[in-house]
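Visitor: I am attaching a structure below and will ask some questions about it afterwards.
The values are calculated or read from the model by the stated rules, or taken from the named source; none is laboratory data. Here the structure is a predicted model, which is why all the values come from computation and not from measurement. All Cβ positions, even for glycine, are placed from backbone atoms using ideal geometry, and neighbour counts span all protein chains on display. Surface areas here come from the heavy atoms of the whole protein model, side chains and all, with no ligands, DNA or RNA. Shrake-Rupley method; radii C 1.70, N 1.55, O 1.52, S 1.80 Å.
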Amino acid sequence: MGTSDTIAAIITAPGRAAVGIIRLSGPDAVRIGAALYEGRADLAQAASHTIHYGWVVDGRAARRIDEALFLLMRAPRSYTGEDVVEIQCHGGITATREILALCLRAGARLAEEGEFTKRAFINGKLDLTRAEAIMDIVDAKSEAALSQAVAQKSGVLSARIQAVREDVLELIAFIQADLDYPEDDIERLDDDALRTRTEACAAATGGLIRSGQRGKIIREGIRLAICGQPNVGKSSLLNALLGRERAIVTDIAGTTRDIVTEYLTIAGIPVEILDTAGIRETADVIEAIGVERAKDAGAGADLVLYVVDAQRGLDDEDRAFLASLGEKPCLLVVNKVDLADASAVLDAWQGSAVAISAKHAGGLEALEEKIAALLLEDAAIGTGQDAVVSNARHLALLERTEDDLESFIQGLELGMSKDILVIDLQHAWENLGLITGETASEDLIDTIFSKFCLGK
């Protein structure tokens with residue numbers, strides 16, 4: 001994993017912009033930067049964390065390329081832990097590409113995807129959880145997702161994993177010392193103490209695993225289907241949530257015949273929302289196709305908002321569709337409370353429900369709170385205070401860790417030899433190290449950073 005060469009890349013988005021930035025990192029970064037710099041300072045001798053105004057010059061052609069600022073950061077006080085020079089020029093494809101070409105001609109090579117962050121990891125500036133959080137920040141689809149990613153970048157998740165890993169290592173040390181020095185007068189743990197401490201590690205691991213569903217929802221969002229019979233106000237609800245007239249609303253039953261898809265944020269969660277055709281028996285071939293698609297949308301959604309008319313209440317057709325959802329999260333939305341009392345419908349329904357008036361946008365705040373409660377089981381989303389697992393790789397390794405710890409506890413209860421049982425703890429310790437990168441192979445690290453964008 002050596003970093004003996006110097007890399008360069010354009011780290012701003014391509015296209016017309018006010019500023020473009022080219023980053024150099026590695027042992028020759030300052031030398032190359034100085035070769036391109038024309039200005040008052042001696043860049044090669046300049047102090048770290050200084051900014052120098054001047055021109056980017058092509059010495060071979062004796063011409064100026066662009067007016068620029070040169071930012072100098074010497075190792076180890078830089079993002080990568082190496083000497084870094086960032087050249088800030090005017091934005092645009094031509095200037096940035098010409099400057100990058102000069103860097104490459106002067107001895108740098110083009111950086112690979114994620115290579116700057118990979119070098120930060122190799123040089124001990126970041127562990128893998130914090131490095132992976134950088135791309136989560138870039139990809140964040142909502143304020144909650146951004147807050148979650150920033151918390152992970154700050155080390156909240158890493159600290160929790162490290163704490164469990166240190167506890168597991170201490171258990172391994174006690175068992176290994178007991179096996180290697182059975183006659184010596186050393187501190188030992190009996191089986192009850194081993195079980196208690198391993199159960200605590202398993203509980204901490206399980207808590208992180210349980211956060212996975214919440215983390216996935218905040219990071220990736222949900223698919224929400226609005227279902228119900230014709231003319232109950234499904235399209236009106238979509239329009240109310242969007243704050244604009246997206247779906248056609250009329251008094252004619254069956255107006256919506258295909259699925260209308262929109263995107264919005266509800267309670268900090270990115271939502272793909274589907275307005276579906278009214279569910280009923282119909283001889284109209286086109287409407288019948290829409291009804292089948294509505295049923296499929298309900299089956300494939302993460303959450304169903306089932307809308308009923310407060311004036312009509314629940315009938316057998318409603319109950320049949322709701323029963324077909326099985327264990328899928330569902331929220332009964334009693335609409336048109338401006339025209340009728342919803343208490344009878346709410347009393348008859350045993351699950352989660354909320355009363356609204358889509359026409360007058362009444363009850364929408366309560367509806368959003370109910371959606372968040374159903375999906376997250378936690379009102380405090382996006383606070384950045386808790387360790388939340390949102391990465392599938394992390395979740396899989398935590399599940400393996402939990403299995404190893406449970407296997408150790410079961411073996412202990414069966415009276416198995418500790419020289420066999422300690423292998424389970426060693427596996428758990430290694431799996432936790434794969435999350436942070438401490439026991440990760442070079443191939444795994446290469447695979448992870450290859451998913452980053454160029455310039456990161």
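Visitor: Would you say SER158 is touching a helix residue (DSSP H, G or I) at 6+ places or on another chain (Cβ under 7 Å) and either touching a residue at least 12 places away in the same chain (Cβ under 8 Å) or part of a helix (DSSP H, G or I) (or both)? Full working, then the answer.
Guide: Working: touching a helix residue (DSSP H, G or I) at 6+ places or on another chain (Cβ under 7 Å): yes; either touching a residue at least 12 places away in the same chain (Cβ under 8 Å) or part of a helix (DSSP H, G or I) (or both): yes.
In short, yes.
Visitor: Return the pair list, or none, for Cβ contacts closer than 9 Å from residues in the stretch 408-436 that are assigned to a helix (DSSP H, G or I) to residues that are aromatic (Phe, Trp, Tyr), at least 6 apart or on different chains.
Guide: Final answer for the pair search is LEU421/PHE408; VAL422/PHE408; ILE423/PHE408; ASP424/PHE408; LEU425/PHE408; ALA428/PHE408.
Visitor: Could you check the stretch 42-59 and list, in sequence order, the residues that are surrounded by fewer than 17 Cβ atoms within 10 Å (Cβ to Cβ) and either in contact with a Leu (Cβ under 9 Å, 6 or more places away or on another chain) or not charged (D, E, K, R) (or both)?
Guide: Kept after step one, since they are surrounded by fewer than 17 Cβ atoms within 10 Å (Cβ to Cβ), are these residues of the stretch 42-59: 42, 44-45, 47-51, 53, 55, 58-59.
Across the stretch 42-59, the qualifying residues are ALA44, GLN45, ALA47, SER48, HIS49, THR50, ILE51, TYR53, TRP55, ASP58, GLY59.
Visitor: Give the stretch 347-370 a look and list any residue that's at pLDDT 85 or above and not in a loop (DSSP other than H, G, I, E, B), or say none.
Guide: Across the stretch 347-370, the qualifying residues are ALA353, VAL354, ALA355, SER357, GLY362, LEU364, GLU365, ALA366, LEU367, GLU368, GLU369, LYS370.
Visitor: Next question. Of all the residues that make up the stretch 60-114, how many are touching a residue at least 40 places away in the same chain (Cβ under 8 Å), of a type in the set (Ser, Thr, Tyr) and not in a loop (DSSP other than H, G, I, E, B)?
Guide: 1
Visitor: Within the stretch 381-394, identify whether any single residue is hydrophobic (A, V, I, L, M, F, W, C), open to solvent by less than 50 Å² (accessible area, probe 1.4 Å) and in a helix (DSSP H, G or I), and answer yes or no.
Guide: Just the residues of the stretch 381-394 that are hydrophobic (A, V, I, L, M, F, W, C), to begin with: 381, 387-389, 392.
Those left that are additionally open to solvent by less than 50 Å² (accessible area, probe 1.4 Å): 381, 387-389.
In the following step, the residues that additionally are in a helix (DSSP H, G or I) were identified as none.
Taking every residue of the stretch 381-394 in turn, none turns out to be hydrophobic (A, V, I, L, M, F, W, C), open to solvent by less than 50 Å² (accessible area, probe 1.4 Å) and in a helix (DSSP H, G or I).
Visitor: Every residue in the stretch 1-52 that is in a helix (DSSP H, G or I) and under 34 Å from the mean Cα position of the chain (by Cα), please.
Guide: Taking the stretch 1-52 as the starting set, the residues that turn out to be in a helix (DSSP H, G or I) are 29-36, 43-45.
Correct list: ALA29 only.
Visitor: Now, a different point. Considering only the stretch 192-222, state which residues are within 14 Å of GLY268 (Cα to Cα) and in contact with a Leu (Cβ under 9 Å, 6 or more places away or on another chain).
Guide: Within the stretch 192-222, the first condition is being within 14 Å of GLY268 (Cα to Cα), and the residues that meet it are 214-222.
Hits for the stretch 192-222 are ARG214, GLY215, LYS216, ILE217, ILE218, ILE222.
Visitor: Here's something else I'd like to know. Any chance the stretch 323-336 includes a residue that's over 21 Å from ALA297 (Cβ atoms) and surrounded by fewer than 20 Cβ atoms within 10 Å (Cβ to Cβ)?
Guide: Checked against the condition, which is being over 21 Å from ALA297 (Cβ atoms) and surrounded by fewer than 20 Cβ atoms within 10 Å (Cβ to Cβ), the stretch 323-336 yields no hits at all.
Visitor: Report, by residue number, each residue of the stretch 115-132 that is surrounded by fewer than 23 Cβ atoms within 10 Å (Cβ to Cβ), outside any loop (DSSP other than H, G, I, E, B) and basic (Lys, Arg).
Guide: Matches in the stretch 115-132: ARG130 only.
Visitor: I would also like to ask the following. Whether any residue in the stretch 179-192 is open to solvent by 30 Å² or more (accessible area, probe 1.4 Å), within 30 Å of LYS451 (Cβ to Cβ) and assigned to a loop (DSSP other than H, G, I, E, B) is what I want to check. Steps first, answer last, please.
Guide: Taking the stretch 179-192 first, the residues open to solvent by 30 Å² or more (accessible area, probe 1.4 Å) are 179-192.
From what is left, the residues that are within 30 Å of LYS451 (Cβ to Cβ) are none.
Scanning the stretch 179-192 turns up no residue that is open to solvent by 30 Å² or more (accessible area, probe 1.4 Å), within 30 Å of LYS451 (Cβ to Cβ) and assigned to a loop (DSSP other than H, G, I, E, B).
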